[in-house]
Amino acid sequence: MANLAIPRPATPRFLVPGVVLLASFLFAFVAGSHFFSVEEGSAAEASTTADVSLVVDPVISITTNAPEGKVTIPITPSADGAFNSHDLTVSVHTNNQTGYTLNMNSSSDTTALTHTSAPTSIISSTIATLASPQTLSANTWGYSKWANGQVNPPTTFSRIPASGAPDKLTETTDPSGPIDTKLTFGANASLAIPSGTYTNTITFTAVTNFVAPPAQDLGPMQKLTRANCTTDRAKAYDIRNGQYYYVQKIPGGGAGGTDLCWMESNLKYSGGGTWDSSAGYPDDRKTLTQRTTGTGDNTVAEYMDPQGNPDYTTPGPGTASVPAFYGYLYNWCAAMGGQTNACNTTSTAGFNTTISICPAGWRLPGGGAAANTPGNDFGALNNVINSGLTTSDQGLRDNWLGVYSGSYTSSLYRQGSNSSYWSSTVNSTTNSRYLNFGSAGVYPGTYYDDKNYGFAIRCVL
């Protein structure tokens, strides 16, 4: 239409010219009007968008191969005791992005097999802990978990855990399933107990692991204050190397009930880096030397690399085969920022506990001889998020994202089962206090050990 040409009509003969001109004008007007309506009168247009989101809920299922949910172990007893066993497979399937944890326990505090008509007759289960299985003696029972690739039936067994203290059988870190956990329940019976049926009920519980919600970005740690640190878990970064960490204000989580802002990821800083001289905070760059072997020397600020996962969002606590974000490990000299009187084995004073390897404004937590010792931030933290328990570290792992980064003596030690975190509290010329937790329990800033050792660091604000 843009190329439309309207020919000018010839003046017809024998007509009055005015009429001819009028006809020509009218035709041109109509055609011209039609022409301009296409160019300037096109349809109006508007658009919008709609985001379509599919929310897939986490689900989990658990089954066993026990017919009607029953495991029967027949035994013909002998004078010295006769043994028999029965296998059971527990299958778990989940789409949860951080996997699941499978626990097992007796459904009550009673762990013995009890005679159905003579309750005083029992087959006990007090033989051993999960970590120290034993051969079943007469009139005892227990269970054994098969290892991956195990071929031969087990010969040693662990005690049955009571309802309040379950054993963790399996833990995964990503969507999985169905995954089978194979167990063998064994029993030994002698002629000293009456015949009949002895029973107990075992409970298997599969729970989806925690999935961290998206964390608010609070920006540089050096510019963060306790007032704007949030009680919801957030993230912030160290200007020196750009490394992000989880941070969270924990009400009452500091000595004397102070609301401290805690790092909830292990420090990963190897020295040097960037200082924003215009930002109004002191130069917090440090000089560190990497230790790769040996016991080291507390006169030099050293860090050690435990070879953890590089992603700070990796869920813990970490195992020998599936590491979490472990950060770096440091001797006490490095932890205290390389201060002269902290970098020797002769001084117990003369250093500033507000100076450390931490980002400017942050410091090392305090420790103490007891959990409630004044100044013991680790003790206060454990009281708040782990109910003050010293027999279980569950609260530290769940609520503080504690990881099993291990420690470094002359080599990496107990990674995947234990962790240690330096405090700023000195104990002697050669030792300083630290938080330790793992399968053996929790020592909330009360342990002390060699300043040369490499421990993890979590700073407070």
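The values are calculated or read from the model by the stated rules, or taken from the named source; none is laboratory data. All values derive from a computational prediction rather than experimental measurement. All Cβ positions, even for glycine, are placed from backbone atoms using ideal geometry, and neighbour counts span all protein chains on display.
Across segment 57-89, which residue is surrounded by the fewest Cβ atoms within 10 Å (Cβ to Cβ) among those that are within 16 Å of T199 (Cα to Cα) and of a type in the set (G, A, S)?
G69
For segment 169-198, which residues satisfy the criterion of being assigned to a strand (DSSP E or B) and at positive phi?
Result: G177, single match.
Can you spot a residue in segment 140-151 that is crowded, with 20+ Cβ neighbours inside 10 Å and assigned to a loop (DSSP other than H, G, I, E, B)?
no
Confirm whether T126 is at pLDDT 95 or above and either surrounded by fewer than 19 Cβ atoms within 10 Å (Cβ to Cβ) or under 30 Å from V56 (Cα atoms) (or both).
Taking the combined requirement at face value, the residue does not satisfy it.
Considering only segment 403-454, state which residues are in contact with an Asp or Glu (Cβ under 8 Å, 6 or more places away or on another chain) and part of a strand (DSSP E or B).
Within segment 403-454, S420, S423, N431, S432, Y434, F437, G438, G441, V442, G445, G454 meet the criteria.
Could you tell me which numbered condition F378 fails, if it satisfies all but one of (1) touching a strand residue (DSSP E or B) at 6+ places or on another chain (Cβ under 7 Å); (2) not in a helix (DSSP H, G or I)?
Among (1) touching a strand residue (DSSP E or B) at 6+ places or on another chain (Cβ under 7 Å); (2) not in a helix (DSSP H, G or I), F378 violates only (2).
Among the residues of segment 234-250, is any surrounded by fewer than 13 Cβ atoms within 10 Å (Cβ to Cβ) and assigned to a loop (DSSP other than H, G, I, E, B)?
There is at least one residue in segment 234-250 that is surrounded by fewer than 13 Cβ atoms within 10 Å (Cβ to Cβ) and assigned to a loop (DSSP other than H, G, I, E, B).
Of all the residues that make up segment 199-209, how many are in a loop (DSSP other than H, G, I, E, B) and buried (at least 18 other Cβ atoms within 10 Å of the Cβ)?
Residues in segment 199-209 being in a loop (DSSP other than H, G, I, E, B) and buried (at least 18 other Cβ atoms within 10 Å of the Cβ): 2 in total.
Tell me which residues, restricted to segment 327-353, are part of a loop (DSSP other than H, G, I, E, B), out of contact with any Lys or Arg (no Cβ under 8 Å at 6 or more places or on another chain) and surrounded by fewer than 24 Cβ atoms within 10 Å (Cβ to Cβ).
Those that are part of a loop (DSSP other than H, G, I, E, B), out of contact with any Lys or Arg (no Cβ under 8 Å at 6 or more places or on another chain) and surrounded by fewer than 24 Cβ atoms within 10 Å (Cβ to Cβ): Q339, C343, N344, T346, S347, T348, A349, G350, F351, N352.
Any residue in segment 272-299 that's loosely packed, with under 14 Cβ neighbours inside 10 Å: show its pairings with residues that are among the basic types (K, R) at Cβ separation under 7 Å, as long as the two are six or more apart or on different chains.
G272/R285; T274/R240; A279/K223
Is it true that Y413 is at pLDDT below 95 and at negative phi?
Yes: the conditions hold for Y413.
Run L260 past the list (1) among the aliphatic types (A, V, I, L, M); (2) touching a helix residue (DSSP H, G or I) at 6+ places or on another chain (Cβ under 8 Å); (3) part of a loop (DSSP other than H, G, I, E, B) and report the number of the one that doesn't hold.
Of (1) among the aliphatic types (A, V, I, L, M); (2) touching a helix residue (DSSP H, G or I) at 6+ places or on another chain (Cβ under 8 Å); (3) part of a loop (DSSP other than H, G, I, E, B), only one is false for L260: (3).
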